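Novice: The structure that follows is given in the form of structure tokens.
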Amino acid sequence: MQTIAQKEDWQRANQEYLLACLERMKQLLQQASDKNEMSSTAASPDMEQTLPAALDALCAWLHLSPFERDILLLCAGIELDSAFGSLCAVLQADAACNYPTFSLALAVLPQAHWSALSPQGPLRRWQLIEVETSRTLTLSPLRINERILHYLLGISYLDKQLADLFQPVAFTGPPLVPSHQKIVQELVNAWKLAEGHEQLPAIQLCGGEMLSLRNIAVVACSLLNHTVFVVSASALPTQPGELESLLHCWERETLLNNNALLLDCQFVDVADMQRESVIARVIEANKGLLIVAGSERRTGAQHFLFTFEVEKPTRDEQRATWQTVLGDQATTLSQHIEKLTAHFHLSSEAIYAVCLSARARLASEGAVTTDAIGETLWNISRRQANLHLDGLAQHIEATATWADLVLPEEQIAVLQDIMLQVRHRTRVYETWGFSSKGTRGLGISALFAGASGVGKTMAAEVLANELHLELYRIDLSAVVSKYIGETEKNLRRIFDAAEGSGVILLFDEADALFGKRSEVKDSHDRYANIEVSYLLQRMESYRGLAILTSNLKDALDNAFLRRIRFIVQLPFPDATQRAEIWRRVFPPALPTRNLDVNKLAQLNVAGGTIRNIAMSAAFIAADSDEPMSMSHILRAARHEYTKLEKSLSSMETRGWEKINAD
């Protein structure tokens, strides 16, 4: 790596060398204009630097002949020295022809050859010069490409044709973890083994964290002195002519500046055949270092891809990253680090971002306790899920507590068992070694079954609130697709986005996917079984808690139920439980008059319906500017029963008239 002083010395020497070469070219033109015999011993100046001059490097990389080199210098001279224009006019016996042409070059420059004019020759193939097409080829004005002129002067930048799409990539975050460093070394070895071949092998990095893939690419390419530029596959033109022009321009930049290309395919659907053909063409056309990065593995290109699966850091690597980024605070935060490592599976870059955010948030608060720092780190880590799951699932703000949940003791005990397994899964699986016996079935899955309104979602809220984790609801009826393979694709996106964040996934309306499917009668049944198996497989391997809800447990096949770790049957509340729900549903600030929860419990409805009735009655009371009474609840109950297409029986309102009269 050059220092700033070394770069400045090289640039100064490079410009002096270029001016000396232009002076030699000017002497050749002057000799020709004086009709003197040209000196065949005129030699180019030397570049007294370790690195070659830009002109010499360009000629070597693009294989320019001495004649083609002189044509390039002739065109550069027109831009940098006013004397060149008048010399060209004299040599062409026309004051208006103060520009170089192929005809002039063939007549004046030594070692001339006609092939230099060919479109496949390096001057035109690499667009080093531009030929005006309004005249005959040999008499058309020649002009050096602006990008090439600046390159000869030692000024490096990306060609304007590429600048809007191709962006330089810098390393971001803490040092690579050992497992990622190993991938870097294997990647470099693959390229080194292919040195001397016409085309280097394309590398494919597959993983869910794009920033991790970028950092691996940057470190690997830097070891070979290459600068990485990234381009989104979604932004590349699909028209063949535009794409070929862009790729040709990029190939020239690669040859001139040791650039490497990172093709970002993160948001490209492999089913998008037009976009996939663009990706395949980029892979085929690229001659330099190419890294294809994304979550999907690509196998359609004819060119062989070396594929590396990039996993998130191991628990030990995550722990070490937390310690590195937190620095001196790591010792006092050791218990919090263990808790963070146990519940979240974050990339190194995500850990780095969490710590930066925590420092920024706590900077204005002065002295803070260790517990406050730990709590801040936890809250920011849990919200990492929002970055990935928004748009795929509905975020539920979990505010419910055990006090809000009215269930029999048996169901409460099962829910508490679920909570303690989520809380201690890392100790049991890793510290105590259960994961060494096999990774299958380590995910914590649960089925909450029961009629609508009995508290399935509230139970999930309670778990999320108690565990201080985010809760996301996925409507399975919206995920299931009639198109083969689409359901699995939708589920994969959800699980991939949730991995590492520790969120609780609540798959609602499981009846849309599950059922008595084990007996295959047609192709639809077979694919339905595949979809169910895929969901259960991902639930079994998911590092967080995944919950299914169903109104009809009996409709689910026993073979599928056996693969779910916890099954909680939430019963329809009896009168005692309904009275307790009514007692808890009214906020303390609500003004009431003569409410009898035992009479209200006569309404044969579930907890969700009780909440709806209570809230509607509150609005009716507010409109009347009165405390809530039984009459308000009766009116609200009638509305709710109409919505449910039920009739409010006299038995359910028995004794209400006396209370209303009081």
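The values are calculated or read from the model by the stated rules, or taken from the named source; none is laboratory data. Since the model is a prediction, treat every value here as computed from it, not as a measurement. Positions of Cβ are generated from backbone atoms using ideal geometry, with glycine treated the same way; all protein chains shown enter the neighbour counts. Protein only, heavy atoms only, side chains kept; ligands, DNA and RNA dropped before computing areas. Shrake-Rupley method; radii C 1.70, N 1.55, O 1.52, S 1.80 Å.
Novice: Which of (1) out of contact with any Lys or Arg (no Cβ under 6 Å at 6 or more places or on another chain); (2) at pLDDT 90 or above; (3) β-branched (Val, Ile, Thr) does Thr136 not meet, given it meets every other one?
Specialist: (2)
Novice: Select, from Glu652, Glu640, the only residue that is free of Cβ contacts under 8 Å to residues at least 60 places away in the same chain, touching a Leu at 6+ places or on another chain (Cβ under 7 Å) and within 28 Å of Ala403 (Cβ to Cβ).
Specialist: One residue alone meets the criteria, Glu652.
For (1) surrounded by fewer than 16 Cβ atoms within 10 Å (Cβ to Cβ); (2) among the β-branched types (Val, Ile, Thr); (3) under 24 Å from the mean Cα position of the chain (by Cα); (4) closer than 30 Å to Asp475 by Cα, each residue gets a yes or a no:
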site	(1), (2), (3), (4)
Thr331	yes, yes, no, no
His343	no, no, yes, yes
Glu349	no, no, yes, no
Arg361	yes, no, no, no
Glu365	yes, no, no, no
Asp371	yes, no, no, no
Gly391	yes, no, yes, yes
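Novice: Can you tell me which residue in the stretch 104-118 is farthest from Glu251 (Cα to Cα), limited to those that are of a type outside the set (A, V, I, L, M, F, W, C) and either open to solvent by 80 Å² or more (accessible area, probe 1.4 Å) or not in a loop (DSSP other than H, G, I, E, B) (or both)?
Specialist: Gln111
Novice: Sticking with this structure for a sec: Could you check the stretch 14-34 and list, in sequence order, the residues that are more than 18 Å from Glu79 (Cβ to Cβ) and in contact (Cβ under 8 Å) with a residue 60 or more places away in the chain?
Specialist: If the condition is that a residue be more than 18 Å from Glu79 (Cβ to Cβ) and in contact (Cβ under 8 Å) with a residue 60 or more places away in the chain, then Ala32 is the only one that fits.
Novice: Confirm whether Glu276 is farther than 30 Å from Thr369 by Cα, among the acidic types (Asp, Glu), surrounded by 18 or more Cβ atoms within 10 Å (Cβ to Cβ) and within 22 Å of the chain's Cα centre (by Cα). Full working, then the answer.
Specialist: On the way: farther than 30 Å from Thr369 by Cα: yes; among the acidic types (Asp, Glu): yes; surrounded by 18 or more Cβ atoms within 10 Å (Cβ to Cβ): yes; within 22 Å of the chain's Cα centre (by Cα): yes.
It is true that Glu276 is farther than 30 Å from Thr369 by Cα, among the acidic types (Asp, Glu), surrounded by 18 or more Cβ atoms within 10 Å (Cβ to Cβ) and within 22 Å of the chain's Cα centre (by Cα).
Novice: Quickly run through the stretch 566-576 and pick out the residues that are closer than 15 Å to Gly455 by Cβ and open to solvent by less than 50 Å² (accessible area, probe 1.4 Å).
Specialist: Residues satisfying the conditions are Val568, Leu570, Pro571, Pro573.
Novice: Also, I was wondering about something else. (1) open to solvent by 20 Å² or more (accessible area, probe 1.4 Å); (2) without any contact (Cβ under 8 Å) to a residue 24 or more places away in the chain; (3) touching a Leu at 6+ places or on another chain (Cβ under 9 Å): which one isn't true of Ala579, the others all being true?
Specialist: The failed condition is (1).
Novice: I want to confirm something. Restricting to the stretch 169-214 and keeping residues that are among the hydroxyl-bearing types (Ser, Thr, Tyr) and farther than 22 Å from Ile283 by Cβ, which single residue is most open to solvent (accessible area, probe 1.4 Å)? First the steps, then the outcome.
Specialist: Here is the first cut: in the stretch 169-214, the ones among the hydroxyl-bearing types (Ser, Thr, Tyr) are 172, 179, 212.
Filter once more, so that each one left must be farther than 22 Å from Ile283 by Cβ: 172, 179.
Numbers: Thr172: 62, Ser179: 44 Å².
In this case the residue turns out to be Thr172.
Novice: Take Leu72 and decide whether it is part of a helix (DSSP H, G or I) and modelled with pLDDT of 95 or more. Quick ask: steps written out before the conclusion?
Specialist: Working: part of a helix (DSSP H, G or I): yes; modelled with pLDDT of 95 or more: yes.
For Leu72, the condition - part of a helix (DSSP H, G or I) and modelled with pLDDT of 95 or more - is met.
Novice: Next up: Are any residues in the stretch 626-654 basic (Lys, Arg) and either open to solvent by 100 Å² or more (accessible area, probe 1.4 Å) or in contact with a Gly (Cβ under 8 Å, 6 or more places away or on another chain) (or both), and if so, which ones?
Specialist: Selection gives Arg635, Arg638, Lys643, Arg654.
Novice: On to the next question. Could you grab me the full set of residues in the stretch 332-361 that are hydrophobic (A, V, I, L, M, F, W, C), over 20 Å from Val310 (Cα atoms) and not in a helix (DSSP H, G or I)?
Specialist: Passing the criteria: only Leu333.
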